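S.K.: One structure coming up, written as C-alpha cells, with questions to follow.
Quick note: the coordinates plus some simple rules give every number you see, no bench work behind them. Only a predicted model underlies this, so the values are computations on that prediction, with no experimental measurement involved. Note that we place each Cβ from the backbone using ideal geometry, even for glycine, and neighbour counts take in every protein chain shown.
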Amino acid sequence: MNANLSPNTSNGYNLPMGVTDISHEIYDLHMFVFWICVGIAVVVFGAMIFSLIKFRKSQGAIADTSMVHSTKAEVIWTAIPVIILVFMAVPAAETILKMEDTRNSELSIRVTGYQWKWQYQYMNDATGIDYFSTLAQDSNFARQLHSGIDPKSVPNYLLSVDKPMVVPSGTKVRLLLTSMDVIHAWWIPDFGAKRDAIPGFINELWFKVTPGKEGIYRGQCAALCGRDHGFMPIVVDVRTPEDFKKWVEEQKAAQQPPSTPAVAPATSPAAEPVHIARLN
Amino acid sequence: MANAHEIAHDDHHDQPATGIKRWLFATNHKDIGTMYLVFSLIMFFVGGAMAMVIRAELFQPGLQLVDPVLFNQMTTNHALVMIFGAVMPAFVGLANWMIPLQVGAPDMALPRMNNFSFWLLPFAFTILLSTFFVPGGAVAGGWTMYPPLVLQTGDSFPMLIFAVHLMGVSSIMGAINVIVTIMNMRTPGMTLLKMPIFCWTWLITAYLLIAVMPVLAGAVTMLLMDHFFKTSFFNAAGGGDPLMFEHVFWFFGHPEVYIMILPAFGIVSEIIPTFARKPLFGATSMIYATASIGFLSFIVWGHHMFADGMPMAAQLFFMMSTMLIAVPTGVKVFNWTATLWRGSLSFEPPMLFAIGFLFMFTIGGFSGVMLAIVPADFQYQNSYFVVAHFHYVLVPGAVFAIMGAVYYWLPKWTGNMYNLTLAKTHFWLSTIFVNVLFFPQHFLGLAGMPRRVPDYAVQFSDWNMVSSIGGFGFGLVQILFAIAVIQCIRGGKKASAQVWDGARPIGLEWTIPSPAPYHSFTTPPVLDAAEAPHS
C-alpha cells in the first residue's frame, strides 16, 4: 500500500497513532488492551491446542471422568480476569476524564450535519466564517455507478472536499455538533475524535493538534445517514496559528461583499431549531 | 382455528397426517421443529445472497454493481433476515426438537401456540422481503431502525413495522412455550440442576426474549406513531428525542445479542462432553455464568452509544458493566477448556464445529473487551472493527454452534448417518473462508474504514478484496451443508439409538430409537443416574 495515499497515520492494519495527545493515549490504550488479549489468548488457546494434541482418543488417551469440578480453579479463573479488567479500566477512565473536559477551549466551531454535507460555523475570533463542505467534484464524478473512472486515478478518492475545515495547531478547538436532518457522526481518526451529530442535540468534542503536525487530515461520516452516507468526507486543514489568523482575515475580507451564495443552500442558520443543550 | 377439532383428533393417531395438512396444522414438536429449521436454512441462504451482493460491490473501490440505495437495502435486510429469520428460528427449531426429548416430555406444553408461532414467520418474512417491490424500495435505514433516518423510508415503512411485530409475537410465543415446557414437563426426578445444559441456556434465553421483545415492539410502534399520527416521540422539532429511540432499541438490542449466543453456549456444552468422553466441567457454575450473562445483558446497552454523547458517569458505568461480562464468559471458556483437558477426544463433525466455536468465539470475545474500552471505542465505533467483532461472535459463534447441533442431532432426527467426509470438508472450508472473510475486517476498521458504506477510499482496496474472496468462498461452501443435510434426510447408513457409539452421549434423547418416533415419551421416562448429565 502506498503510504502517500494513506488518509491518516495508520499503517493500513492498525489504529493511527494520530496527531493529538488524546489520539496517542487512545493508541496506547488500544495496544495495551490488545497485548493483554494476546497474552490471554496464548494461555487459553495454548491450553486448548495442548488438549487437542495430547488428549486424543486416537493416541490412546483415556478420559478422566472424575474431573468434574474444582472450586479452587473456578475461583482463580473468576478472580484473575477481574483483576486484569481493573488494570484496563483505570487508565481508560483517566483518558475519558480528559476527553470529556471541554473547558478552556480557544476556538469553537459549530458543525452541522446535513444529508450529505457538513456546515462549519466559526465562533470566537473567527465569527462570521460559515460555509459548507462537500465531496470534491472529481471524487463525485468517479463514484457514480458505472462512471468508468478508475478511483485510483482520483487523488484522495472519497476523502477530499471542496472546502475543508481549517483549524490552528496547538490550540484547543471545541466542536459543537448537531444535525439538521438525520444522525451523522464526525470522525477524524488522527485526532482520536468521533462524535454523533444528532438533530435537537448539541454534542461537544475537542481536539488539540500537536504543534509541528500541521497538515491535512481526513475522515468520513461514521453513522449511516442514508443514500450518500459513504460520500460525505471530513477534511481538516491544520495550519500554524499565524497561518490560521491569515486565513481568517482572508475569509472575512472575502465576505465583505454580500455573502457568497455559492456555498450556502436554502437553509440559513437563523432557521436553526436546535435549542436543547446537552448537559455533561 | 376452525379445524381445531380435527387437529385434536389427528393428534391421537400414531402416524402424522399426510400431505400439506401435516405441516399446516402441525402440533407435533418434531414437525414444527423441522419447519423452523428448514425455514431458517432458507433464510440463511436468502440473507447470504444479500451478503454476496454486499461483498461483490465492495470487491473493489468505485461503484460497479449496485446503487448506494440498493446497497443500503442489502445491508439492512441482510441483518434483519439473518438475525430474525436465520439465527433465532434455528434456535427455536432446535428447542422444539430437543427440549421435549431432553426433559422426557411427550411434546411442547402448548402445541397449538407452537404452530401459530411458527406460521407467523413465513408471513413476516414475506412482508419484509416484498418491500423490495414497493415504491420507495426496501428498508434501507439499517436494521437498527434509527430515527429520523428510518422515517425517510417509503411505502415499505409500515410493512417493516408490521413484520417486526409479527417476528416479536412469534418469538414471545416460542419463549412462553419453552418456559412452560421446561417448568412443568420435566420427567419426575429431573430437578432443575439435573436438567441438560441446553435446556438451561434456552430457559434463560426465553426469559430474555419475554423481557425485551415487547420493548422492541414498543419502540417500533412509537416510530409508527411518529410517521403516521404526527406524534413526536423521537422528533426533536416537536420536543421529542431521537436518542431515546437508541436507548430503547439497545435495551432490547443487547439482550438480543445474548439471545443469539446463549443457546449456542448450551449446544457447545452438550457436544464437547460427548466427544471428550467426560462430564462437562463445572456444570453448575456454567449455569450460574449463563444466568449472570443474562442479567448483565440488561445493564450494558449504553456501550452501543458511546459516540452519541453521553454523560461521563454513564460512560464509566457502561464501560465497567460491559467489561464485567468478560468474567462469566471467561468462566465458560475456561470450563470448556477444562472439559477437553484429560479427556479422550475424537473429532466427529459436531466436535469440529464446537472446537471451531471455542476458538473463534473467543476471538470475538477479545475484540469485545477492546470495544468496551470507551476511549478506544471512539475509534472503533461504526468502523469495520465492529463488523468484524460481531460477525466473529455470530458466524463462527452462533452459526457454527447451530451447524454443530444439526450434525450432532441430525442422525437422531432422520435415523440416518450423514456423509461424515462431506461434513468435515464443510467444516474445514468454512473455517478457512470465515477467517479470510472476517479477519481482514479488523484491519479495515482500525485503518479507518466506516461500516455501511458502498464504496471506499483506495487504500482500503487490498483487504476488501481479500475479505470478498473469503465471503464468496464461505457462501459457496454452505451449499455443502445443504447437500449433507438433504442426503441424510433421504437415506444413508442407519444410526443407532445412541448415534455416537463409542463416544459418551448422555441424556434422555439418546434412549429413544433413531429416528425419534413421531410420539415419544408418552409416559414419563425413569431418569437413571447415567442419563442425568451432571448429577
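S.K.: Starting from the amide H of A:C221, placed 1.01 Å from N in the peptide plane, find each other amide H under 5 Å away whose residue is 5 or more places distant or on another chain.
M.R.: When sequence neighbours closer than 5 places are left aside, the close amide H contacts are A:M232, A:I234.
S.K.: Evaluated at 4 °C with a viscosity of 1.567 mPa s, what Stokes-Einstein diffusion coefficient in µm²/s does the stretch B:27-531 have when Rh comes from the Kirkwood expression over alpha-carbon pairs? Don't skip to the answer; put the middle values down first.
M.R.: On the way: Rh = 23.3 Å.
D, rounded to a whole number, is 56 µm²/s.
S.K.: Normalised by the residues of chain B, what does the relative contact order come to in percent, with Cα pairs under 8 Å and at least six apart? Intermediate results must be reported in sequence, preceding the final value.
M.R.: Numbers: 879 pairs, mean separation 95.2, N = 535.
Normalised by residue count, the contact order of chain B is 18 percent.
S.K.: Taking H as built 1.01 Å from N, whose amide H comes closer than 5 Å to the amide H of A:W206, not counting residues under 5 places away?
M.R.: Those lying under 5 Å, H to H, from A:W206 are A:L175.
S.K.: Explain nothing, just compute: Karplus ³J(HN,Hα) = 6.51 cos²θ - 1.76 cosθ + 1.60, θ = phi - 60°, for every residue of the stretch A:152-168 in order, whole Hz, x for Gly and Pro.
M.R.: 5, 8, 9, x, 6, 3, 6, 10, 10, 10, 5, 9, x, 6, 10, 9, x
S.K.: Sticking with this one: Give the long-range amide H neighbours of A:A197: residues separated by 5 or more places, or on another chain, with amide H under 5 Å away, using H modelled in the peptide plane at 1.01 Å from N.
M.R.: A:H184, A:A185, A:W186
S.K.: Based on C-alpha coordinates, I'd like the Rg and Dmax of the stretch B:422-477, in Å.
M.R.: 12.7, 40
S.K.: Size of the protein assembly as shown along its principal axes in angstrom, Cα-based, largest extent first?
M.R.: 92, 59, 48
S.K.: Now, a different point. If the reach is capped at under 24 angstrom between alpha carbons, list the lysines near A:K98, excluding any in the same chain fewer than eight residues apart.
M.R.: A:K172, A:K194, A:K208, A:K213
S.K.: Can you work out the Karplus-derived ³J(HN,Hα) for every residue in the stretch A:179-193? Use 6.51 cos²θ - 1.76 cosθ + 1.60 with θ = phi - 60°, whole Hz, and x for glycine or proline.
M.R.: Listing the rounded values in order: 9, 9, 9, 10, 7, 10, 9, 9, 9, 10, x, 5, 9, x, 10 Hz.
S.K.: Tell me the net charge near A:D125. Cut-off is 11 Å between Cβ atoms, A:D125 excluded, with +1 for each Lys or Arg and -1 for each Asp or Glu. Show your work: numbers first, answer last.
M.R.: Values: positive: A:K245, A:K252; negative: A:E106, A:E249.
Within the 11 Å Cβ shell, the charges total 0.
S.K.: Give the calculated FRET efficiency between A:H146 and B:F228 to the nearest 0.05, with a Förster radius of 35 Å applied to their Cβ-Cβ distance. Before the final figure, lay out each step's value.
M.R.: On the way: r = 37 Å, r/R0 = 1.07.
E between A:H146 and B:F228, to the nearest 0.05, is 0.40.
S.K.: If you wrap a convex hull around the C-alpha atoms of the stretch B:247-349 and split its volume per residue, what is the figure in Å³? Let's see the in-between values first.
M.R.: Details: hull volume 10.4 nm³, N = 103.
Value for the stretch B:247-349: 101 Å³ per residue.
S.K.: Sticking with this structure for a sec: Net charge near B:Q379: determine it from the other residues with C-beta under 14 Å of the C-beta of B:Q379, scoring Lys and Arg +1 and Asp and Glu -1. Write down the numbers at each step before the final one.
M.R.: Numbers: positive: A:K194, A:R195, B:R451; negative: A:E25, A:D28, A:D190, B:D377.
With Lys, Arg at +1 and Asp, Glu at -1, the net is -1.
S.K.: Okay, next question. How many percent of DSSP beta bridges within the protein assembly as shown run antiparallel, rounded to 5? Provide the component values of the computation, followed by the final result.
M.R.: Numbers: 30 of 42 bridges.
Looking only at bridges with both residues in the protein assembly as shown, the antiparallel portion is about 70 percent.
S.K.: Turning to a different aspect of this structure: Taking K and R as +1 and D and E as -1, what net charge do the other residues with C-beta under 14 Å from the C-beta of B:G266 add up to?
M.R.: Values: positive: B:K332; negative: B:E270, B:E509.
Within the 14 Å Cβ shell, the charges total -1.
S.K.: Here's a follow-up. Residue by residue through the stretch A:97-110, what is 3J(HN,Hα) from phi via Karplus (6.51 cos²θ - 1.76 cosθ + 1.60, θ = phi - 60°)? Round to whole Hz and write x for glycine and proline.
M.R.: Couplings: 4, 5, 5, 8, 8, 8, 5, 6, 6, 9, 8, 10, 10, 8 Hz.
S.K.: Please quote Rg/Rh for the stretch A:31-89 to two decimal places, taking the Kirkwood radius as Rh and restricting both calculations to Cα atoms.
M.R.: Details: Rg = 15.3 Å, Rh = 13.9 Å.
Value, to two decimals: 1.10.
S.K.: Using +1 on the beta carbon of Lys and Arg, -1 on that of Asp and Glu, and nothing else charged, what's the dipole of the stretch A:24-90 about the Cα centre, debye to 20?
M.R.: Values: 4 positive and 4 negative charges, 91 e Å.
Here the stretch A:24-90 has a charge dipole of around 440 debye.
S.K.: Normalised radius of gyration for the stretch A:107-271, please: alpha carbon Rg relative to 2.2 N^0.38 Å, two decimal places.
M.R.: Values: Rg = 15.6 Å, N = 165, 2.2 N^0.38 = 15.3 Å.
Here the Cα radius of gyration is 1.02 times the empirical estimate.
S.K.: Now a separate question. Figure the gain on full extension for B:R490 and B:F298 (residue separation times 0.36 nm, minus the Cα-Cα span) and round it to one decimal in nm.
M.R.: On the way: separation 192, 0.36 × 192 = 69.12 nm, distance 4.42 nm.
Length gained between B:R490 and B:F298: 64.7 nm.
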